[in-house]
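A short worksheet on the structure shown next.
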Amino acid sequence: MLSALFSRFAPTTKSKLRAAYYSVQQAFVDTFRSYGTTELLATLRGLGIESGDTLMVHAGFSRRSGFKGSPTQLIDGHATIQSRAIASAVPE
């Protein structure tokens, strides 16, 4: 249904609508879903992950992911809590 509606708009209008949508989505993530390394470590500890545990991590990064840091900071955060971390960072 939305496809039919949006197909009637000019490409420049679609582009502006898409930009507005992503702007609102980013504001929502920044306000309600963002987290940093400190919150990540607290969550991992809360899940029972301890030093010496092996954890395989797959993470895709985008502006809307919610993580405030870089991919390196995410991996370093995991390495802080455990002695071995197998990580795969795949850009979106």
Hey, any hits in the stretch 44-51 for a residue that's surrounded by 10 or more Cβ atoms within 10 Å (Cβ to Cβ), in a helix (DSSP H, G or I) and either on the phi < 0 side of the Ramachandran plot or not small (Gly, Ala, Ser) (or both)?
yes
Notebook entry, point to check: Quick one: would you say residue 15 is at negative phi, within 24 Å of the chain's Cα centre (by Cα) and either at pLDDT 90 or above or among the hydroxyl-bearing types (Ser, Thr, Tyr) (or both)?
Noted result: yes
Quick check on the stretch 9-16. Is at least one of its residues over 26 Å from residue 81 (Cα atoms), free of Cβ contacts under 8 Å to residues at least 24 places away in the same chain and in a loop (DSSP other than H, G, I, E, B)? yes
Restricting the stretch 41-67 to residues that are under 30 Å from residue 22 (Cβ atoms) and β-branched (Val, Ile, Thr), the one nearest to the chain's Cα centre (by Cα) turns out to be 57
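The values are calculated or read from the model by the stated rules, or taken from the named source; none is laboratory data. Small disclaimer: the values here were computed from a predicted structure and weren't measured. Here the Cβ is made from the backbone with ideal geometry for all residues, glycine too, and neighbour counts use every protein chain on show.
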